[in-house]
Every structure is written in structure tokens, then in C-alpha cells.
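**Q** This is the structure, below, for whatever I ask next.
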Amino acid sequence: MLCYDRFKMNRVVVTGMGAVSPVGNSLYASWSMIKAGQSGIMPITQFEVTDIPWKVAGSLKDFNAGKYLSPKEILRLDPFVHYAVAAAIMAAEDAGLIGAQLLYSAGVIIGSSRGGIQTMEKALKKKMLISRYSASIIRICLSHALDDNKHGIVIRCSETRG
């Protein structure tokens with residue numbers, strides 16, 4: 001059997017989705033804004049942009065990490081992990097997967113082009129080691145007691161290396 005034929009036979013079923021984006025902090029809020037033609041791109045207000053050529057970006061608004069993580073986890077984990085965990089929890093809820101069901105029927109695949117920048121900045125200042133494994137995958141698997149089926153998509157500039 002050719003490699004192409006083998007992949008052609010496999011099927012993927014999306015049972016649940018979640019989203020944290022500049023146009024909304026849930027799949028349904030994001031989709032409503034997209035259908036209405038709204039953009040999440042706005043002038044940057046989080047930091048000074050005088051010396052950089054880009055003045056606009058897609059930033060999250062009113063995201064509450066406390067709905068998904070403990071105060072200790074919020075302080076310890078990079079903000080991009082907060083967003084990944086929130087979207088994963090929303091996807092599991094959307095699919096109706098709870099508790100033990102997740103152990104047998106779910107996996108985690110994440111790809112990110114710039115995840116963990118704040119953690120990298122802190123590590124450079126403190127000369128800390130950075131794990132080669134994706135913090136977002138690890139946190140999602142821990143919060144859902146998932147053991148197998150963890151994969152990172154490695155693309156140019158991807159945060160996942162393991």
C-alpha cells in the first residue's frame with residue numbers, strides 16, 4: 001500500500017471546538033463577529049509602538065484566565081498557555097466529553113508560531129532553562145488527565161519541539 005493510500009483511508013472527526021481570539025473569547029462569539037464582518041485588529045495599546053513599524057495587532061479583550069486555571073497556574077504559566085487551556089476546555093465541553101470519557105477518546109494536537117514569548121523573555125533575563133516540550137500540550141493533558149495522544153505540529157517558528 002502506498003503511503004498516500006494509507007493516509008487517504010484515515011478519517012478525522014471533529015466533535016468539539018473552542019476559540020480564544022481577538023474577535024471573541026469563545027467559538028460562538030468569534031464566529032458571530034466574523035460573520036458580521038468585524039475585525040479584531042486594532043491599534044496596539046499594551047506597549048509603546050513609537051520605535052516599531054507595526055502599530056496595529058489582534059489582541060484579546062476581556063479574557064478571564066481565572067475561569068480555567070487556578071491563581072497559582074495563572075502566575076506560573078505563559079499567557080498563551082492560558083488561551084490554549086481555555087480553548088481546549090471549551091472544545092471538550094462542546095463535544096460533551098467529560099471526565100473518564102476524555103481518557104479513552106481524546107488527544108491533543110497543538111501548533112503555534114509564537115507561543116511562550118513572555119516565558120522566553122523571563123528565561124533570558126534569569127538564565128533559566130526552557131523545556132523543549134510544549135507547555136500548552138502538557139498543561140491541557142494534565143488538566144484533563146490525558147496520558148497518550150499528545151502531539152505538537154512543528155512548523156517554521158513553531159513553539160512545539162518535542
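Since every read-out is calculated from the coordinates, none of them should be taken as a lab result. All of these numbers come straight from a predicted model, not from anything done at the bench. Note that each Cβ is placed from the backbone with ideal geometry, even for glycine, and that neighbours are counted across all protein chains shown.
**Q** Quick one: Ile41, Ile74, fewest Cβ neighbours within 10 Å first, how do they rank?
**A** Values: Ile41 12, Ile74 15.
Placing the least packed residue first, the sequence is Ile41, Ile74.
**Q** Could you tell me the ratio Rg/Rh of region 17-63? Both radii from Cα atoms, Rh via Kirkwood. Please list the in-between numbers first.
**A** Values: Rg = 12.3 Å, Rh = 11.5 Å.
Looking at region 17-63, the ratio lands at 1.07.
**Q** How do Phe80, Phe63, Phe47 line up, fewest other C-beta atoms within 10 Å first? Walk me through the numbers before you get to the answer.
**A** Values: Phe80 21, Phe63 16, Phe47 6.
Fewest to most other Cβ atoms nearby, the residues stand as Phe47, Phe63, Phe80.
**Q** Same structure, new question: Check Ser21: other-chain or 5+ apart residues with amide H under 5 Å from its amide H, H built from backbone geometry?
**A** Ser26
**Q** Further question: Fewest Cβ neighbours within 10 Å first, please rank Ile117, Ile44, Ile110 accordingly.
**A** On the way: Ile117 12, Ile44 15, Ile110 21.
Taking fewest neighbouring Cβ atoms as first place, the list is Ile117, Ile44, Ile110.
**Q** Assuming 0.36 nm per residue, please report the length gained on full extension of the stretch Ile117 to Leu60 beyond their Cα-Cα distance.
**A** Values: separation 57, 0.36 × 57 = 20.52 nm, distance 1.56 nm.
Difference between extended and current length: 19.0 nm.
**Q** Taking amide H positions as placed 1.01 Å from N in the peptide plane, with prolines and chain starts having none, which residues 5 or more places from Ala57, or on another chain, fall under 5 Å of its amide H?
**A** Placed amide hydrogens put Met42, Ile44 under 5 Å from Ala57.
**Q** Shifting gears a bit: Compute the signed sum of charges (Lys and Arg +1, Asp and Glu -1) over the other residues within less than 15 Å, Cβ to Cβ, of Ala29.
**A** With Lys, Arg at +1 and Asp, Glu at -1, the neighbours total 0.
**Q** Still on this structure, I have one more. With labels modelled as points extended 7 Å from the Cα through the Cβ direction, what inter-label distance (nm, one decimal) is found for Lys125 paired with Thr45?
**A** Inter-label distance under the simple model: 2.4 nm.
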